[in-house]
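Engineer: Below you will find the structure I want to go over with you.
The values are calculated or read from the model by the stated rules, or taken from the named source; none is laboratory data. These figures come from a predicted structure and were not determined experimentally. When we count neighbours, we look across all protein chains shown, and the Cβ atoms used for this are built from the backbone with ideal geometry, even at glycine. The protein model used for the area step is the full one, side chains on, heavy atoms only, and it has no ligands, DNA or RNA in it. Shrake-Rupley method; radii C 1.70, N 1.55, O 1.52, S 1.80 Å.
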Amino acid sequence: MIERIISDGRPGVGRGALDAAATLDIPCNSGRKNAGETGPPPPPKQPWTSGGLSRHTAACIARHTKSAHGTLSLALDQEVCEEIHHARNIANKCHLPWHHVCLGQADKFQAAQDVHEWLVTNNIRILHVIGATAPLPDERAASATRDLLETIYYLGLIEHNMTASAQTTGPPSTPSHPAPRSTEQIISQICAEMSLKDRVHMANMQQDELATLSTSLGRYIMARIETWRDAPEALAALELLQKSLPPETDIVTGIITKLWHRLQSTHKLRVV
């Protein structure tokens with residue numbers, strides 16, 4: 001999971017990264033207290049380096065890159081700016097993980113899954129986020145960065161809580177609940193094993209965002225299904241559930257969708 005975010009906080013990607021950190025209550029390298037405050041002002045003009053960056057900016061990027069476990073670079077289009085080039089060069093020289101996402105072209109859910117897997121594979125907890133800056137705030141870049149980082153964070157949170165739940169209740173081969181006998185019991189059992197925070201978060205997701213749960217909650221559901229293989233009543237319930245789903249829908253996706261519908265009625269936040 002992401003434990004700290006490092007960003008220059010300037011308009012665009014940098015601002016979006018610190019907004020996400022403030023929203024998610026993740027420590028960051030800025031003195032800002034909340035997402036509503038403005039980021040740090042751009043540094044004073046400095047002599048340009050041969051690569052097109054000022055010495056101050058180049059030194060700042062190098063310091064941030066080396067201080068993190070990995071660097072995530074973000075851009076709205078395929079054009080890669082000097083800041084990203086410099087961060088990538090520093091990361092390569094120091095043998096540090098680096099990952100790039102084109103926010104304007106990538107599917108946001110697939111991009112979040114890809115970055116999440118990159119974070120897990122490289123054990124990245126301190127994340128440096130960098131992208132192009134502009135004379136005026138680029139709200140599209142800031143918003144897209146914030147949304148991506150929030151989705152990535154919740155993917156990690158759900159996977160962490162599912163793992164912790166499995167360790168607390170015992171290994172998947174020895175579930176703490178009897179095998180379910182109906183679709184309702186299947187949904188109730190998975191729901192009971194989720195933390196309250198995960199239930200609330202899932203309830204407030206849009207339906208088209210549920211695909212982001214396939215690598216976290218989906219894996220946990222598959223592990224639970226394996227524990228029911230020797231229970232005829234559970235297999236019968238799973239078979240009935242599968243028959244009730246559209247032909248192209250797999251059993252895990254069906255369970256996640258039905259769980260989401262259940263949580264919509266019990267845990268969705270409403271304006272009062």
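Engineer: I need the chymotrypsin sites (Phe, Trp or Tyr not before Pro) found in the stretch 173-272, filtered to DSSP loop residues with at most 15 other beta carbons within 10 Å of theirs.
Structural biologist: Of the chymotrypsin sites (Phe, Trp or Tyr not before Pro), not one in the loops of the stretch 173-272 has a Cβ with at most 15 other Cβ atoms within 10 Å.
Engineer: On a 29 Å Cα-Cα criterion, which of the cross-link pairs LYS66/LYS197; LYS108/LYS197; LYS197/LYS258; LYS108/LYS268 come out too long?
Structural biologist: Exceeds cut-off: LYS66/LYS197.
Engineer: Hey, another quick one. What order do you get for 243-255, 83-95 when each peptide is scored by the mean count of other beta carbon atoms within 10 Å, highest first?
Structural biologist: Descending packing order for the listed peptides: 83-95, 243-255.
Engineer: Give the accessible area for ARG4 in Å² (nearest 10); use a 1.4 Å probe, count only protein heavy atoms, and leave out ligands, DNA and RNA.
Structural biologist: Number for this one is 80 Å².
Engineer: What length, rounded to one decimal in nm, is gained on full extension from SER195 through to ASP114, with 0.36 nm per residue of separation minus their alpha-carbon distance? Let's see the in-between values first.
Structural biologist: Numbers: separation 81, 0.36 × 81 = 29.16 nm, distance 2.44 nm.
This chain segment gains 26.7 nm when fully extended.
Engineer: Grab the beta carbon distance between GLN206 and GLU82, set R0 = 35 Å, and tell me the FRET efficiency rounded to 0.05.
Structural biologist: With a Förster radius of 35 Å, E is 0.45.
Engineer: Taking each pair of distinct Cα atoms in the stretch 182-272 once, what is the resulting Kirkwood hydrodynamic radius in Å? Numbers along the way, then the final one.
Structural biologist: Values: mean 1/r = 0.0733 Å⁻¹.
Across the stretch 182-272, the inverse of the average 1/r is 13.7 Å.
Engineer: Also: How much accessible surface area, in Å² rounded to 10, belongs to the heavy atoms of ARG63 with a 1.4 Å probe?
Structural biologist: 130
Engineer: Rank these residues by their accessible area, most exposed first, probe 1.4 Å: ASP138, ASP198.
Structural biologist: So, going from the largest accessible area down, we get ASP138, ASP198.
Engineer: Determine the order of HIS128, HIS99 by accessible area, beginning with the largest, at a probe radius of 1.4 Å.
Structural biologist: Accessible-area ranking of HIS128, HIS99, largest first: HIS99, HIS128.
Engineer: Once ligands and nucleic acids are excluded and a 1.4 Å probe is used, how much of SER265 is accessible, expressed in Å² to the nearest 10?
Structural biologist: For SER265, the solvent-accessible surface is approximately 80 Å².
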